[in-house]
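The block underneath contains the structure these notes are about, expressed in structure tokens.
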Amino acid sequence: MKPDKLIDYQQILSKITADCRQIDDIGNVASYIPELGNIDPNKFGVHLTTIDNQNFSFGDSTEKFSIQSISKVLALTLALKLEGGNLWRRVGVEPSGTAFNSLVQLEYEHGIPRNPFINAGALVICDILISHLKKPKYDFLEFTRNISENPNLNYCSRIAESEKLAGFRNAAHINLMKSYGNINNDINIVLDFYFNLCSLEMSCQELAHTFLFLASNGINPITNQQIISSRRSKRINAIMQLCGFYDEAGEFSFKVGLPGKSGVGGGIIAIHPGKYSIAVWSPKLNKKGNSYKGMKILGSFTTKTRSSIF
Ligand code: GLN
């Protein structure tokens, strides 16, 4: 097998993205959050950053988009720093096998969400963050800007507002969990924080840079900033592997073979611990709410570069 330095990532990405343009995209842009429905469905970007700071990109890789559920990984990272392992009393680490917004397990399991990446779990993480942070929206944004060393990151109030107006299911989740005693703060404050967190905007390039710490035992290898312990970095990757794509986590492992996280804005971040982070963006989603072309690109990428973790 070729050493990493000899793999021509740019050429491989050009070939994959050219092939991908030929495929008919059978996905649909998310429209249950009305503002997300306004995006140009043909946007398409990729950015790869290796732990020795080689960068390769393609298409609309520097254009910002709504990262949606990808931000749940950053929320978990901060919550683990602030709350530590106690957090696992209120949210599990098992795959749900259900859609990201499904309510079915929550009642059987007495208001304890299966994992931090389904909506219910992310709402609990938001509740935990609110209990710790003085100015939750501001402090979370500062955390994200700080770990990515990028002051240009921001929420999109238009998207947060649009989701708030249509967020009936998330309201159902939080009410149910409140009834089981698993939400400590005011539900409207938690929902508002969650919608803002999901509205965070980043480009593929910014995503790949921000998440590189998970490819390097919790330390950003470029800035040497320790973002989280290596033990927790390992665990976050494990949850991404098992839960990052909800009821399609098996398919993502099968086709791509990397820890990853998707968002309904059409973005995906995937991590190869010890090698790289790669972000893709294509807004049309498959039936499970994950980027249709994004999954295809990553599948070809790990096959052609022989760099799945399996
Ligand atoms: N904000 C979205 C929601 O709550 C996040 C879902 C996602 O990206 N999978 O529905």
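When Pro136 is evaluated against the numbered criteria (1) more than 25 Å from Ser253 (Cα to Cα); (2) within 13 Å of the ligand (Cβ to nearest atom), which criterion, by number, is the only one it fails?
(2)
Matching residues to (1) assigned to a helix (DSSP H, G or I); (2) under 13 Å from the mean Cα position of the chain (by Cα); (3) without any contact (Cβ under 8 Å) to a residue 12 or more places away in the chain:
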{"residue": "Ala238", "(1), (2), (3)": "yes, no, no"}
{"residue": "Asp247", "(1), (2), (3)": "yes, no, no"}
{"residue": "Phe254", "(1), (2), (3)": "yes, no, yes"}
{"residue": "Gly265", "(1), (2), (3)": "no, yes, no"}
{"residue": "Ala270", "(1), (2), (3)": "no, yes, no"}
{"residue": "Gly274", "(1), (2), (3)": "no, no, no"}
{"residue": "Ser277", "(1), (2), (3)": "no, yes, no"}
{"residue": "Val280", "(1), (2), (3)": "no, yes, no"}
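Those residues that are part of a helix (DSSP H, G or I) and free of Cβ contacts under 8 Å to residues at least 60 places away in the same chain, I need them from region 85-109; list them, please.
Gly85, Asn86, Leu87, Trp88, Arg89, Val104, Gln105, Tyr108
Looking only at region 142-172, count how many residues are part of a helix (DSSP H, G or I) and farther than 17 Å from Ser71 by Cβ.
Number of matching residues: 6.
Kindly evaluate Phe195 against the criterion of being of a type in the set (Phe, Trp, Tyr) and surrounded by 20 or more Cβ atoms within 10 Å (Cβ to Cβ).
So Phe195 passes the test.
Can you name the residue in region 280-310 that is within 24 Å of Ser96 (Cβ to Cβ) and of a type in the set (A, V, I, L, M) and, of all such residues, is surrounded by the most Cβ atoms within 10 Å (Cβ to Cβ)?
Checked region 280-310; the qualifying residue surrounded by the most Cβ atoms within 10 Å (Cβ to Cβ) is Val280.
Among Leu191, Leu212, Leu207, which is the only one that is touching a Cys at 6+ places or on another chain (Cβ under 9 Å), of a type outside the set (S, T, N, Q) and part of a helix (DSSP H, G or I)?
Sole residue among the options that is touching a Cys at 6+ places or on another chain (Cβ under 9 Å), of a type outside the set (S, T, N, Q) and part of a helix (DSSP H, G or I): Leu191.
Would you confirm whether or not region 37-46 contains a residue that is more than 14 Å from the ligand (Cβ to nearest atom) and in a strand (DSSP E or B)?
yes
Where a number appears in this text, it was derived from the coordinates with a stated rule and is not lab data. Source: prediction; values computed, not measured. Because the Cβ atoms are built from the backbone with ideal geometry, glycine has one as well, and the counts that use them run over all protein chains shown.
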